[in-house]
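Shown next, in structure tokens, is the structure this report addresses.
The values are calculated or read from the model by the stated rules, or taken from the named source; none is laboratory data. It should be emphasised that the depicted structure is a prediction, and the values quoted were computed from it without experimental measurement. For neighbour counting, all protein chains shown are included, and Cβ atoms are generated from backbone atoms with ideal geometry for every residue, glycine included.
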Amino acid sequence: MRLKVVLRQRHLQTHRAFCREYDKVARRIDGDLVGTYPSRAQFHRWLSGELKGLPYPDHCRVLEEMLPGYTAAELFEPYADEEQTAVGAEEPLDEREFLGVIENRINRTNFGVVEWGPEPCGEGGRADRSVSSALGVGEETQHEHRLRELRKDQRFSDHEISQFASLVGNIIDVDARVDIEIGGDGSAHLTYRYEILNMTDRPLTRVSRELWFEYTDGKLDIRPWRESTRRVAIQRVHDTPNLSKFSCQFSPAIQPNESAIVGYTCDGGKFLDALYWRQTIYNHTRGFAINLRHNDAGDLISCSAIEEQQNGAENSATEDLVWDCENSDVIITLTRKYLRPSQSVTLRWKVTREHS
């Protein structure tokens, strides 16, 4: 996100420093805008790219005055070179080197452990050059062509694209998120959104999913997400009062090297005395987020997060938690990156008003 880079350059990347500067600028524009800066959770959503569209008009007015030379729309554009702004960062690969790296990664897929993780410190956003100079650029495969297109999309570094190349033959969830809205009575509304990249050689017509709640109103009501870029049909496979196994069918199919944004919603689950959510990871997932809003919850007593590895080991994910309170609502955001199939992420929280 460009806003994150610009704020870092001006040493305003912390919430406290940002709010101080925001009020200073707001006072010059309109005294009524003083104190209208975003909450800590909102600020995190701005910087992480979770915000859909632009902030409220008053926020945009202050941002454009605070950061002259940028419109609000420009500040909320994806910015691929974030990781290359560090001191000493090298220039990105040129076209010949880039295609050489991609060719090598594709040719060595399915051998050993797939590389999937953040860029090592000191690499400055550059992909592995060790083999690129020895490789020429011949006739492009469909996978290579698609990866080059993704590179032009301005969202991915060379390092990330080279890792995508290592995953040829797999389905990649470029972005996965679940929004959980809990009502005052504990009733829940869930919205799942996946940005799926098909790196296999076959059209993708469906994906299997399941949902489980400790408490429900009966059968879970699962429906297609209306903003999907494909038609989605929900095929129920197995249902109990607490568990639903189902498939999301796509029309048209997601062809090899194509990507699509698809999702579904769920109603009927309830959060009463057990306040936690455990999410299974189905594919290699570049970015994952849980956005939770617990209405009329009172105060947040505690919250924690655990990332479970494929071998069953558990790592704390609490460092990626951001929480806030708005009136009597509790807002929690958990983000993780570079997850693998069969991992899981669990969010737990405790509030002063539990439902019964």
| message | Out of LEU211, LEU292, I need the residue that is touching a Cys at 6+ places or on another chain (Cβ under 6 Å) and crowded, with 18+ Cβ neighbours inside 10 Å. Which one? | response | LEU211
| task | Check whether at least one residue in region 251-265 is charged (D, E, K, R), surrounded by fewer than 20 Cβ atoms within 10 Å (Cβ to Cβ), part of a loop (DSSP other than H, G, I, E, B) and within 20 Å of the chain's Cα centre (by Cα), and report yes or no. | result | yes
| Of all residues in region 44-71, which are in a helix (DSSP H, G or I) and touching a residue at least 40 places away in the same chain (Cβ under 8 Å)? | HIS44, ARG45, TRP46, LEU47, SER48, VAL62, LEU63, GLU65, MET66
| request: Evaluate the following for ALA297: is it buried (at least 18 other Cβ atoms within 10 Å of the Cβ), of a type in the set (A, V, I, L, M, F, W, C) and not in a strand (DSSP E or B)? | output: yes
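For every residue, the table says whether it meets (1) at pLDDT 95 or above; (2) over 16 Å from PHE271 (Cβ atoms); (3) surrounded by 13 or more Cβ atoms within 10 Å (Cβ to Cβ).
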{"residue": "GLN309", "(1), (2), (3)": "no, yes, yes"}
{"residue": "GLY312", "(1), (2), (3)": "no, yes, no"}
{"residue": "GLU319", "(1), (2), (3)": "no, yes, no"}
{"residue": "ASN327", "(1), (2), (3)": "no, yes, no"}
{"residue": "THR346", "(1), (2), (3)": "yes, no, yes"}
{"residue": "TRP349", "(1), (2), (3)": "yes, no, yes"}
{"residue": "GLU354", "(1), (2), (3)": "no, no, yes"}
| request: State the number of residues belonging to region 12-24 that are more than 20 Å from LEU51 (Cβ to Cβ) and either within 25 Å of the chain's Cα centre (by Cα) or crowded, with 18+ Cβ neighbours inside 10 Å (or both). | output: 1
| field | Filtered residues of region 201-219 (kept if among the hydrophobic types (A, V, I, L, M, F, W, C) and part of a strand (DSSP E or B)) | value | LEU204, VAL207, LEU211, TRP212
| Matching residues, region 228-248, being crowded, with 17+ Cβ neighbours inside 10 Å and outside any strand (DSSP E or B) | SER228, ARG230
| Has region 239-251 got at least one residue that is modelled with pLDDT of 95 or more and among the β-branched types (Val, Ile, Thr)? | no
| field | Evaluation of TYR194 against (1) hydroxyl-bearing (Ser, Thr, Tyr); (2) surrounded by 16 or more Cβ atoms within 10 Å (Cβ to Cβ); (3) free of Cβ contacts under 8 Å to residues at least 40 places away in the same chain (one fails), failing number | value | (3)
| field | Unique match (being under 28 Å from SER48 (Cβ atoms), surrounded by fewer than 16 Cβ atoms within 10 Å (Cβ to Cβ) and modelled with pLDDT of 75 or more) among GLY169, GLY117 | value | GLY117
| field | Subset of region 305-346 [outside any loop (DSSP other than H, G, I, E, B), of a type in the set (A, V, I, L, M) and without any contact (Cβ under 8 Å) to a residue 40 or more places away in the chain] | value | LEU321, VAL330
